[in-house]
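J.: Please see the structure below; I have some questions.
The values are calculated or read from the model by the stated rules, or taken from the named source; none is laboratory data. Please read all numbers here as calculations on a predicted model, not as lab measurements. With ideal geometry, Cβ positions are generated from the backbone for all residues, glycine too; neighbour counts draw on all protein chains shown.
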Amino acid sequence: MPKTEHILIIDDDPSVTTSLALLLKQAGYRSQTAQSPAQGLEKLASQRFEVVIQDMNFSRSTTGDEGIELLKAIKSSHPKLPVILITAWGSIQLAVEGIRCGAADFITKPWTHQQILQAVKTATGLAAVAPRSNEAPGTRTELDSRYDFGHLIGEDPKLLRILELIGRVSATDASVLITGESGTGKELIAEAIHRNSHRKEAPFVKVNLGGIAAALFESEMFGHVRGAFTDARQDRKGRFEIAHGGTIFLDEIGDLDTNSQVKMLRVLQDRTYEVLGNSSTRTVDVRVISATNRNLAEMVEQGTFREDLLYRLNLIAVHLPALRERPGDIPRLAAHFAQAMGNIYRRPGLNISPKAYAWLQNLPWPGNIRQLRQVIERTVLMSTRDQLDIEDFTLAFEMGQHEKARPEPAPALGSMTLDEMEKAMIVKSLEQHGGNISKVAEALGLSRAALYRRFEKYGISV
């Protein structure tokens, strides 16, 4: 079915408006052009458009002030109209200011046809699935009839609003940033977005960025050719190439160091990359979903995370509530895990008593859903009864807490080699910092690359 979206192009360069209009026409879009902000606003006042593409400069001045003023004027009179900015790499900060003022996206010069069409497709797609302001999320039954949410358990209103949102945006290629405490199910949400998208038959590639050493970032993400570095004995595909046509899930995005953030921004901005050891540029078609348990806004203020990268990642932001914020779902989740454990351990009659459900609901669950699952499994392994009661869970829960708090006896230093001492220190630091590689490296005074070499040397699995 041909596209009929009407797009307004505002730029004082006739060559730009002509080339953009031709590109959009070939892709099935209708467009009009305006040579100045005043002409653009005049057309917006008299006609209906689905998207605006505007330049940031309309005179000899390159400050971008005119572009920002035009954007503010458009958003003032048409607050829901998507505006895509065209800017230069040297004025990325200007583009970030535009996003703050309500722009839907920004494209850097020199732009490619793919960038323009992808930005327009995403903007029109999001506008099409935007909910009406008075529209309430559907019931769980209604949502399940429209989407595949089979692995997501719960009916809490907070969860239903999230499911409604990810169901709508899954049909688009918009980038999604999922935030929330550890153990809240960010990976499951990412999988659900992919499973309900038009990319569902293509690869879903998961990448734990917190587990990739900075020195290996380019090789892991973009691949390398044989001989690119000392240990490159054969060609290797990068994660982006493997995910081509599908979805890439960037977990622990907040753990990226500043140099890797620049490289990540480039591929997300241009959808191009270079394989390590090969100077030819490759193009990738991929939907990006990222996740973190860190506060990226605070990291931006502290200067440890790039603001332009944040805006690239969170076109759609999804924040998952902690388990303690949706206590009504705890019995449903507990029952689901008990049934799963019954299948795994061949105990089909497993169930949980009503009193135990109430007891579980009153716990704080700092480890969220992941901790609940671990407690259920530990209880199943320790109890011989089919109906699990409060005392069964109490014993398993307290044992878990005791194991966390119990210090391990330190072996006598005189009986250990230097390698054994170093390995013990690394293992202990991993436990103390919850497996956070950056914090472990900092505590031990090592670079991430050096720490990874020691993981390999001592056979330590993270």
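J.: Going through Ser133, Ser182, Ser145 one at a time, which residue ends up being hydroxyl-bearing (Ser, Thr, Tyr), surrounded by fewer than 18 Cβ atoms within 10 Å (Cβ to Cβ), at pLDDT 90 or above and part of a loop (DSSP other than H, G, I, E, B)?
T.: Details: Ser133 fails: at pLDDT 90 or above; Ser145 fails: part of a loop (DSSP other than H, G, I, E, B).
The unique qualifying residue is Ser182.
J.: Checking Leu152 against (1) without any contact (Cβ under 8 Å) to a residue 60 or more places away in the chain; (2) assigned to a loop (DSSP other than H, G, I, E, B); (3) out of contact with any helix residue (DSSP H, G or I) (no Cβ under 7 Å at 6 or more places or on another chain), only one condition comes out false. Which one?
T.: Checking Leu152 against (1) without any contact (Cβ under 8 Å) to a residue 60 or more places away in the chain; (2) assigned to a loop (DSSP other than H, G, I, E, B); (3) out of contact with any helix residue (DSSP H, G or I) (no Cβ under 7 Å at 6 or more places or on another chain), the one that fails is (3).
J.: Give the residue, chosen from Glu325, Glu377, that is among the acidic types (Asp, Glu), at pLDDT 90 or above and under 30 Å from Thr172 (Cβ atoms). Working first, answer last.
T.: Working: Glu377 fails: under 30 Å from Thr172 (Cβ atoms).
It is Glu325.
J.: What tally of residues in region 17-38 results from selecting those that are within 17 Å of Lys72 (Cβ to Cβ) and out of contact with any Leu (no Cβ under 8 Å at 6 or more places or on another chain)?
T.: First pass over region 17-38, keeping only residues within 17 Å of Lys72 (Cβ to Cβ): 34, 36-38.
Filter again for out of contact with any Leu (no Cβ under 8 Å at 6 or more places or on another chain), leaving 36, 38.
The total comes to 2.
J.: Give the number of residues within region 207-228 that are among the charged types (D, E, K, R) and surrounded by 18 or more Cβ atoms within 10 Å (Cβ to Cβ). Spell out how you get there, then give the answer.
T.: Of the residues in region 207-228, the ones among the charged types (D, E, K, R) are 218, 220, 226.
Narrowing the set further to residues that are surrounded by 18 or more Cβ atoms within 10 Å (Cβ to Cβ) leaves 218, 220.
Final tally of qualifying residues: 2.
J.: Okay, moving on. If only one of Ser59, Ser36 is exposed (fewer than 15 other Cβ atoms within 10 Å of the Cβ) and more than 26 Å from Asp270 (Cα to Cα), which one is it?
T.: Values: Ser36 fails: exposed (fewer than 15 other Cβ atoms within 10 Å of the Cβ).
Of the residues listed, the single one that is exposed (fewer than 15 other Cβ atoms within 10 Å of the Cβ) and more than 26 Å from Asp270 (Cα to Cα) is Ser59.
J.: Among the residues of region 294-307, write down those that are of a type outside the set (Phe, Trp, Tyr) and surrounded by 19 or more Cβ atoms within 10 Å (Cβ to Cβ).
T.: Of all residues in region 294-307, those of a type outside the set (Phe, Trp, Tyr) come to 294-304, 306-307.
Scanning region 294-307 gives Leu296, Arg306, Glu307.
J.: Going through region 4-15 one residue at a time, which ones are surrounded by fewer than 18 Cβ atoms within 10 Å (Cβ to Cβ) and of a type outside the set (Gly, Ala, Ser)? Steps first, please.
T.: Narrowing region 4-15 to residues surrounded by fewer than 18 Cβ atoms within 10 Å (Cβ to Cβ): 4, 6, 12-15.
Passing the criteria: Thr4, His6, Asp12, Asp13, Pro14.
J.: I need the full set of residues from region 339-355 which are in contact with a Leu (Cβ under 6 Å, 6 or more places away or on another chain) and part of a helix (DSSP H, G or I), in order please. Break it down into steps so the answer makes sense when it comes.
T.: Going residue by residue through region 339-355, those that are in contact with a Leu (Cβ under 6 Å, 6 or more places away or on another chain) are 342, 352.
The one that is in contact with a Leu (Cβ under 6 Å, 6 or more places away or on another chain) and part of a helix (DSSP H, G or I): Gly342.
J.: Can you run down the residue pairs with Cβ atoms below 6 Å, 6 or more apart or on separate chains, where the first is in region 322-337 and assigned to a helix (DSSP H, G or I) and the partner is surrounded by 18 or more Cβ atoms within 10 Å (Cβ to Cβ) and of a type in the set (Lys, Arg)?
T.: Every condition considered, the pairs that remain are Phe337/Arg373.
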